[in-house]
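Participant: Quick one: structure below, then a few questions.
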Amino acid sequence: MDDNAIAQIARPGTSLKMVKPGTGQGAPSQAMRPMSQSGRPLSGFVRPGTQSGRPGTMDQAIRTPRTAHTARPVTSASGRYVRLGTASMLSTPDGPFINLARLNFSKYAQRPNLAKALFEYIFHHENDVRHALELAALATEACQYKDWWWKVQLGKCYYRLGLYREAEKQFKSALKHQDIIDTYLYLAKVYVRLDQPLTAVDVYKQGLDKFPNSVPLLTGIARIYEGLNDMTNATKFYKDILTQDSMHVEAIACIATHHFYTDQPEVALKFYRSSSTLYLYCFVIG
């Protein structure tokens, strides 16, 4: 018997990968509510990031093939549209807007305003994580490690590269300088990727202490409980979301789906009618 041995299997209710159908609190059986291939219950809403392909290794994250019409990586499962203005950013029909290989990042890191704009362009438009990380590291050093914004950007780069522990350190360090909702959201995403959903919930609740009734934080908690098949808590937080934002489509759809699969079709119908009315309203406004 080794006292220092680590358990190979996660305890029930502590892992998103080990969820068993029909075992959650208030969750219907698998015969009543179908599961996805990963074992999670099907929700009534397609969430951002769940349908897109993610790089499995750092090498895949760094290698980002391009086309002449989009700055996004070539992937059949991305589900992304070409952003408006992307094509107009090209200085020549076949050339890039900025040649990153010729930039002196040390020079631009000394100019905070220009460095931030350049980072946004490299990270979001060019999707070049390697150069974005280099610029963020130099800029963080130039500001003597006191700028929370650059620490968040470092964490985002590490997250994209799959270095989750490094990303965790940067996000925690950024929160020591400034409490920002986005930082709590990014830190919780790190713990979700590390398969530590309860720690992610704690991070969301820490954010709620600073920003009470924040809809993005409440949504994150509800998603995790739904992923753990704990539909009682998930429904509770979705209802809390609706008290803050009565037009929140995801909360309406997920509550309706839960009532439908728990043999309450008349209650589900009320929520589905609400969502359809909301869709028509948004269609008219748009």
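The values are calculated or read from the model by the stated rules, or taken from the named source; none is laboratory data. Source: prediction; values computed, not measured. Here Cβ is always computed from backbone atoms with ideal geometry, including for glycine, and neighbour counts include all displayed protein chains. Heads up: the accessible areas ignore ligands, DNA and RNA and are worked out on the full protein's heavy atoms, side chains in. Shrake-Rupley method; radii C 1.70, N 1.55, O 1.52, S 1.80 Å.
Participant: Condition first: surrounded by 18 or more Cβ atoms within 10 Å (Cβ to Cβ) and of a type in the set (Ser, Thr, Tyr). Now tell me which residues in the stretch 131-163 satisfy that.
Facilitator: Thr140, Tyr158, Tyr159
Participant: Which residue is nearest to the chain's Cα centre (by Cα), if the candidates are limited to the stretch 169-186 and must be among the hydrophobic types (A, V, I, L, M, F, W, C) and open to solvent by 20 Å² or more (accessible area, probe 1.4 Å)?
Facilitator: Leu185
Participant: Between Leu103, Leu90, which is of a type outside the set (Lys, Arg), farther than 26 Å from Asp147 by Cβ and either modelled with pLDDT of 75 or more or surrounded by 12 or more Cβ atoms within 10 Å (Cβ to Cβ) (or both)?
Facilitator: Being of a type outside the set (Lys, Arg), farther than 26 Å from Asp147 by Cβ and either modelled with pLDDT of 75 or more or surrounded by 12 or more Cβ atoms within 10 Å (Cβ to Cβ) (or both) holds for just one of Leu103, Leu90, which is Leu90.
Participant: Just checking, how many residues over the stretch 116-130 are over 10 Å from Cys157 (Cα atoms), touching a helix residue (DSSP H, G or I) at 6+ places or on another chain (Cβ under 8 Å) and surrounded by fewer than 21 Cβ atoms within 10 Å (Cβ to Cβ)?
Facilitator: Qualifying residue count, the stretch 116-130: 3.
Participant: What's the number of the only condition in (1) open to solvent by 10 Å² or more (accessible area, probe 1.4 Å); (2) at pLDDT 95 or above that Leu198 fails to meet?
Facilitator: Going through the list (1) open to solvent by 10 Å² or more (accessible area, probe 1.4 Å); (2) at pLDDT 95 or above, Leu198 breaks only (2).
Participant: Tell me, yes or no, whether the stretch 209-225 has at least one residue that is in contact with a Ser or Thr (Cβ under 7 Å, 6 or more places away or on another chain) and in contact (Cβ under 8 Å) with a residue 24 or more places away in the chain.
Facilitator: For the stretch 209-225, residues in contact with a Ser or Thr (Cβ under 7 Å, 6 or more places away or on another chain) and in contact (Cβ under 8 Å) with a residue 24 or more places away in the chain: absent.
Participant: Please state which one of Lys151, Lys107, Lys172, Lys146 is within 30 Å of Asp202 (Cβ to Cβ) and free of Cβ contacts under 8 Å to residues at least 24 places away in the same chain.
Facilitator: Going through Lys151, Lys107, Lys172, Lys146 in turn, just one is within 30 Å of Asp202 (Cβ to Cβ) and free of Cβ contacts under 8 Å to residues at least 24 places away in the same chain: Lys172.
Yes/no matrix, rows are residues, columns are (1) more than 30 Å from Cys157 (Cβ to Cβ); (2) in contact with a helix residue (DSSP H, G or I) (Cβ under 7 Å, 6 or more places away or on another chain); (3) open to solvent by less than 60 Å² (accessible area, probe 1.4 Å); (4) among the β-branched types (Val, Ile, Thr):
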{"site": "Ala167", "(1), (2), (3), (4)": "no, yes, yes, no"}
{"site": "Ala188", "(1), (2), (3), (4)": "no, yes, yes, no"}
{"site": "Thr219", "(1), (2), (3), (4)": "no, yes, yes, yes"}
{"site": "Leu228", "(1), (2), (3), (4)": "no, yes, yes, no"}
{"site": "Ala234", "(1), (2), (3), (4)": "yes, yes, yes, no"}
{"site": "Ala256", "(1), (2), (3), (4)": "yes, yes, yes, no"}
{"site": "Tyr272", "(1), (2), (3), (4)": "yes, yes, no, no"}
{"site": "Thr277", "(1), (2), (3), (4)": "yes, no, no, yes"}
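Participant: Cβ-Cβ under 9 Å, sequence separation 6+ or interchain: first residue in the stretch 243-261 and farther than 14 Å from Leu218 by Cβ, partner open to solvent by less than 10 Å² (accessible area, probe 1.4 Å) and not in a helix (DSSP H, G or I). Which pairs?
Facilitator: That search, which allows pairs on different chains as well, returns Thr257/Arg33; His258/Arg33; Phe260/Arg33; Tyr261/Arg33.
Participant: Of all the helices (runs of 4 or more DSSP H) wholly in the stretch 98-177, which have at least 2 residues that are touching a Cys at 6+ places or on another chain (Cβ under 6 Å)?
Facilitator: 129-142
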